[in-house]
Structures are given as structure tokens and as C-alpha cells.
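The next block holds one structure in the form of C-alpha cells; read it before the comments.
Throughout, read-outs are computed from the coordinates displayed, never taken from laboratory work. In this text the structure is predicted, and so the values were computed from the model without any measurement. Here the Cβ positions follow ideal geometry from the backbone for every residue, glycine too, while neighbour counts run over all protein chains shown.
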Protein chains: 2
Amino acid sequence: MAKSTKVSETVIRRMPVYHRYLRDIIDRGIERISSSELSKLTGFTASQIRQDLNNFGGFGQQGYGYNTIELKKQIDIILGMDHIYKTVVIGAGRLGQALARYQGFKSSGFEVLSLFDIETKEDVDAIPVRPMEELEDYIKKNKVEVAILTVPKTAATDIAKTLVESGIKGIWNFSPIDLPARKGVVVENIRLNDSLLTLSYYMKENK
Amino acid sequence: MAKSTKVSETVIRRMPVYHRYLRDIIDRGIERISSSELSKLTGFTASQIRQDLNNFGGFGQQGYGYNTIELKKQIDIILGMDHIYKTVVIGAGRLGQALARYQGFKSSGFEVLSLFDIETKEDVDAIPVRPMEELEDYIKKNKVEVAILTVPKTAATDIAKTLVESGIKGIWNFSPIDLPARKGVVVENIRLNDSLLTLSYYMKENK
């Protein structure tokens, strides 16, 4: 666990992929796996996989491979999944509601406590929608760590400022705007529209 | 337009970013912009920007910069936005419904004609939800080009096979599974859960 400083983002982004495959493998009752078997599944090379995992201290045994349950447990810890993040969703529109309702996030450690919107709206699966004016107080009082941002471009920058000032630690950003980096706050952008345009490009190229 | 063969994926993924900023710049009434001004906005270096655009034939003029409207128009063409893609959403759950309703995709050239689900469901904003058994026929008859896949992991592989056999050209995949690459079909994956786990990792590192 000690060697995790300065691991490249490329390596970090492969860790959830290992996690995803390990979950499947464990579901299928497989107790150990070699790096070359993992390579066939993930498409990464076996030496890449060994290097990636060595960044965090190894876990494999020469000639034995990886104990799947143990490896997944270690990756859980590396990815911070041994922690429940108190989460709010900002913007209770269609996407905000769909994200608040999605159960998969809870199993990844993100628990949605509340939504916030400028309009009065009904609860979303028993999760309340609060007025935007209460956002700052709510985050501070409840020590909320993560905000899922699904507001229009015009509102995103101001709200991001409020979030940072209220002590939020991470923003999962679905708004179509680049939020300025701020110290101590992690921003993970999901650019749905950029992804669609990339799809469009490659479809055109394929013709 | 002729030089677009073999442009790297990294460059391609920057094109929607230029597109996004150009739209903003044009909205603000700005008619020309230099690569160094674009650099300040996007965070890419000016020489990177010039190189990226040179892949497609340039468009800038020494000492003048880029005509914003003209450049956006060219990027529209590069990204295939001069074409309307007939699109279906597979899986009319929360995420599928939110995506079907989202107006932004239409302005990017993706028009959702129908949803498909194993359960009978009400129309989503006047877009019908059809039974899964009709999927193959529907795609063939209506020459549907794009499928947005929001089904559970267990169903994704079989449905992807049906999609490919029915002649689909692009899959925008929200299912948490890696779809095998098939010739003539572009797959663009949105891994929401991987992104959340990456956010979790960096928040843990920030502590």
C-alpha cells in the first residue's frame, strides 16, 4: 500500500477495469488467476498488468498468480471503496433524477442523501429535493463530500464555486463546461456530448 | 478535408473540445481567434492546436488567426455533424429514459426514434417504447444507424450481437461490459462506474 505515490493517471484508470473483471471472475467462482489470463480478459498485456499492480505492492505470487478475492479486496482499498461518500446531486432534471436513483453507485460507496434544484420538485425514490439556497448549509452540516453536478452550463461555474467554498471534496461533473481545478477538490468530468461527437466522427470515417 | 486518414484518437478527442469552445465564442459574438487565445481557453498549447487543425487541412491564416464561424463549420463537417443519425435507445429504464429525453443529442445530430425494452412501458415524451422482439426488424426497416445501450450486463452481449447483425453502425454503450470490436461498427463506451471509482481514488489520495 505504501508505494502509491505518483502512480500515473493511465494506471489509475485501469484499476476500475481490473476491479470490474475481478468481480465477474469471483462471481463465476474462480479463486485464482494468472496475469496472462487477466490479459486475455482485459486486453492489457500480462507485463502491463504485473507492472500496474506492482505500483501498489504486487499481490501476485510467482507460479501461482493472483488470489482473486484477495486482489479485489486490495483494489477496493486502493480505490477508496472501503469508505462511504456522502453525496448530493445538484440539478433534479432528468439526468439528475436518473443518477440519484441508480443503485450501482451505492455499491461503489456513493450514497445520495439529497438532490438540489431551483424548482420545487417531488422526492426522487424517497430522496428529497431541496431548494438551491440550502445547498451550502446542507453540505457543511452533513459533511457532504461529493457533488454530482447536472446543471446547465450557465449555472455550473457559480455552483462549483459554492461547492468548493462549502468544503466539498469531489465533483462528478456532467455539466458541459470545464470547471477550473481547485486545490483539494477532485473533478471527474463526464462529457456525454464530446463522446457522441467522437462516435459520430468514427462512424463517418467508417463509411 | 483530404488529410483526415490516420489522425490519432488523442487528436480526434480534442475536436469536440474545440467545437464546444467555438460555440461559446461565437455566442459571445467573437469573429476571429488566434491559436494562443484558443490555448488559454482550452488548456492545450497553441502549437498543439495548430498541429491538430493542420491534420484536417489548416483553416487558419498567418497573422489573422481563425475565423470562428468558418472553423466551427469545418469541425462540424469533420465530426460528421452535417448528418442526422437515426438512433434507438435499448433499455427504457431510468438512464435510458433520461437519455431519450435529452434534447442536446438532437442538436448533435442524433435523433431518437424509439426505445426498446423487455417490459411494456409508456411512451417517453412521445417516443414509443417497443418490445425487444421487434428490435431487429425495426432497425432494418428504418435504417437505424446508432443504438444507445443501457441494458444490464447480463443482456448486453446478446443484444450487441443482434444490433451488429441488424446493420447498426455505432453503439453508444452505457452497459458495464466491454463489447467485442466488430468490423464496421463503432463502439463508444461510457463507463460511469469506472469514472466514479477514479474519483474515489483521487479523493482518497487528496486526504
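Brief remarks follow.
- Whole-number percent relative contact order across chain B, with pairs defined as alpha carbons under 8 Å at least 6 apart: 14
- Peptide A:163-175 has a mean of 2 when you count, residue by residue, the C-beta atoms of other protein chains within 10 Å of its C-beta.
- Kyte-Doolittle mean at least 0.5 and Cα axial length at least 27 Å: DSSP H helices in chain B: none
- Nm distances between copies for A:Asp82, ranked from closest, using label points 7 Å along Cα→Cβ: 5.7
- Beta bridge orientation in the protein assembly as shown: antiparallel %, DSSP, nearest 5: 20
- Distances from B:Arg32 to itself in the other copies, using label points 7 Å out along the Cα-Cβ axis, amount to 6.9 nm in increasing order.
- Computed as a quarter of the hull surface, the mean projected area of the alpha carbon convex hull for segment A:56-123 stands at 6.0 nm².
- Pair B:Asn67, B:Lys106: separation of 7 Å Cα→Cβ label points (nm): 3.1
- Of all chain B residues, the one whose C-beta is nearest the axis that brings B onto A, in angstrom: B:Ala98, 2
- Gap separating the Cα centres of segment A:1-73 and segment A:167-207, nearest whole Å: 27
- Distances from A:Asp137 to itself in the other copies, using label points 7 Å out along the Cα-Cβ axis, amount to 5.8 nm in increasing order.
- Nitroxide proxy distance, nm - points 7 Å out along Cα→Cβ at B:Glu37 and A:Val7: 4.3
- About the centre of its Cα atoms, chain A shows a dipole size close to 680 debye [charges on the beta carbon of Lys, Arg (+1) and Asp, Glu (-1) only; nearest 20 debye].
- Shielding by other protein chains, B:73-86, mean Cβ within 10 Å: 3
- For chain A, calculated [θ]222 nm from helices alone, where every DSSP H run of n ≥ 4 adds -39500 (n - 2.57): -13500 deg cm²/dmol
- Residue-averaged beta-carbon neighbours from other chains (10 angstrom radius) around A:12-22: 4
- Segment B:129-207 - Rg (one decimal) and Dmax (whole number), Cα, Å: 15.6, 55
- Placing unit charges on each Cβ (+1 for Lys and Arg, -1 for Asp and Glu) gives chain A a dipole about its Cα centre, and among A:Pro128, A:Ile69, A:Gly57 the Cα reaching farthest toward its positive end belongs to A:Gly57.
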